[in-house]
1. Is the range 6-119 best put as rounded, prolate or oblate by its Cα gyration tensor, with a ≥ b ≥ c the root eigenvalues, rounded for a/c under 1.5, and otherwise prolate when a/b is larger than b/c, oblate when not?
2. Go ahead and run the numbers for FRET between LEU6 and ASP33, Cβ-Cβ distance against an R0 of 30 Å, rounding to 0.05.
3. Between their Cα atoms, which of LYS32/LYS76; LYS4/LYS41; LYS77/LYS105; LYS76/LYS110; LYS54/LYS110; LYS32/LYS54 are more than 32 Å away from each other?
4. Under a 5 Å amide H to amide H cut-off, with H placed in plane at 1.01 Å, what residues pair with TYR37 once short-range neighbours are removed?
Amino acid sequence: MPYKGLQANLAWAAGFVDGEGCFTHQWIETLKDGTVYRYPKMCISQSGTDELLKRFREIVGVGTVREAGGQHKTAKKPRYVYNAHGFDAVQQVYSMLYQYLGLVKREQGKKVLDLFLLHKHRNLRRTK
């Protein structure tokens with residue numbers, strides 16, 4: 001990690017999320033009965049190189065970095081994405097970065113996690 005000290009790295013990671021990241025939900029449909037489940041997801045995308053995404057992953061300790069396929073629309077560079085899937089992983093990232101996140105991402109992360117907890121014991125059907 002380029003910065004010395006955990007706090008400096010967490011502050012950098014939170015700034016990266018504020019500028020480039022997103023807390024959201026992923027919908028998954030089961031194959032057997034068509035039930036659709038929603039779970040928390042946190043993602044960051046970059047074009048050109050995955051260097052910063054790997055650094056972020058190293059700091060937070062969860063999630064994956066992969067090539068997203070295709071190219072950026074205007075830059076014509078490869079696209080890469082960091083993803084943290086599921087409540088535990090997203091909560092870990094959110095909790096680690098909370099004190100450094102801006103208000104918008106704090107509220108976005110809280111909303112995603114709270115909504116999952118509210119509905120976690122229900123099967124949700126998504127209308128298409």
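Bear in mind these aren't lab numbers, they're just calculated from the coordinates by the rules spelled out. Remember, predicted model here, so these are calculated numbers, not experimental data. Note that we place each Cβ from the backbone using ideal geometry, even for glycine, and neighbour counts take in every protein chain shown.
1. oblate
2. In this case the efficiency is close to 0.10.
3. Too far apart for the 32 Å limit: LYS32/LYS76; LYS76/LYS110; LYS32/LYS54.
4. It is ILE28, GLU29, THR30, by chain and number.
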